[in-house]
Amino acid sequence: MRTATTDKTPNFGVVVFPGSNCDMDVVRAASLVPGSSVRRVWHKDSSLGDVNVVILPGGFSYGDYLRCGAIARFSPVMRAVAEFAARGGPVLGICNGFQILVESGLLPGALLTNVSSKFICRDVRLRVERSDTPHTRSISPGTVLKMPVAHGDGNYYADPAVMERLEKNRQVVVRYCDENGAVTPASNPNGSTNNVAGVCNEGGNVFGLMPHPDRCSEAVLGGADGLKMFESYAL
């Protein structure tokens, strides 16, 4: 599988939509990477400028009308994001950002309502399945991370044929698991198929996940596991 690369100095672009509410969380987390630069990119912008990592943050873009991410996919900036991704540039979608990437066709599958039909806001455990993507270079496969989730529509679904292909291509990057790394029904907070917490495209450069690495990037927040993802872009 081809994976994209970046230069050693991340220049992050954080895309902001009407209703984004985690953009400053992402800006803060990305700024903790030594030597990095970070700027926000407005949804009406037609260019990403000179950024070499694009992040779509969490929130409720356009009020989640129609479906989560369904309107944001039509924002002018998404054409630039798609072109950036097609060139192999690393794109990360967190929570609502993941939903936008799926709605835009940059990632496969769909995000459905949680099986509990309730909004979930709590810490979960994730098992990292691969370290050969730009997003996980600093994390060894099998590592268990603790991250918070906060969503009502995080139930990842793909039909059996698509799911079989994702598993075969190793496109499942992180799965919900217990503290020991075991993938169990009890560790799945939303009913996601195969305990999927995040997937990438075939090239490995576009990655979306429902948990929030931006909300666990410093010890003062209760843990810094999420910082490992942001640090990966500098390797």
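Quick notes
- With a requirement of 1 or more residues that are more than 14 Å from the chain's Cα centre (by Cα) and of a type in the set (S, T, N, Q), the strands (runs of 3 or more DSSP E) lying completely within the range 10-61 that satisfy it span 11-16, 37-42.
- The one condition in (1) surrounded by 21 or more Cβ atoms within 10 Å (Cβ to Cβ); (2) closer than 24 Å to S104 by Cβ; (3) in contact with a helix residue (DSSP H, G or I) (Cβ under 7 Å, 6 or more places away or on another chain) that T193 fails to fulfil: (1)
- Filter result for L32 (aliphatic (A, V, I, L, M), surrounded by fewer than 17 Cβ atoms within 10 Å (Cβ to Cβ) and modelled with pLDDT under 95): no
- Test: residue in the range 66-89 that is over 18 Å from the mean Cα position of the chain (by Cα), assigned to a loop (DSSP other than H, G, I, E, B), among the aliphatic types (A, V, I, L, M) and surrounded by 15 or more Cβ atoms within 10 Å (Cβ to Cβ): yes
- Complete set of residues in the range 107-122 that are outside any strand (DSSP E or B) and free of Cβ contacts under 8 Å to residues at least 40 places away in the same chain: S117, K118, F119
- The lone criterion from (1) surrounded by fewer than 17 Cβ atoms within 10 Å (Cβ to Cβ); (2) more than 23 Å from H151 (Cα to Cα); (3) modelled with pLDDT of 95 or more left unmet by R2 is number (3).
The values are calculated or read from the model by the stated rules, or taken from the named source; none is laboratory data. Because the structure is predicted, anything quoted here is derived from the model rather than measured. Glycine gets a Cβ as well: all are built from the backbone with ideal geometry, and neighbour counts include every protein chain shown.
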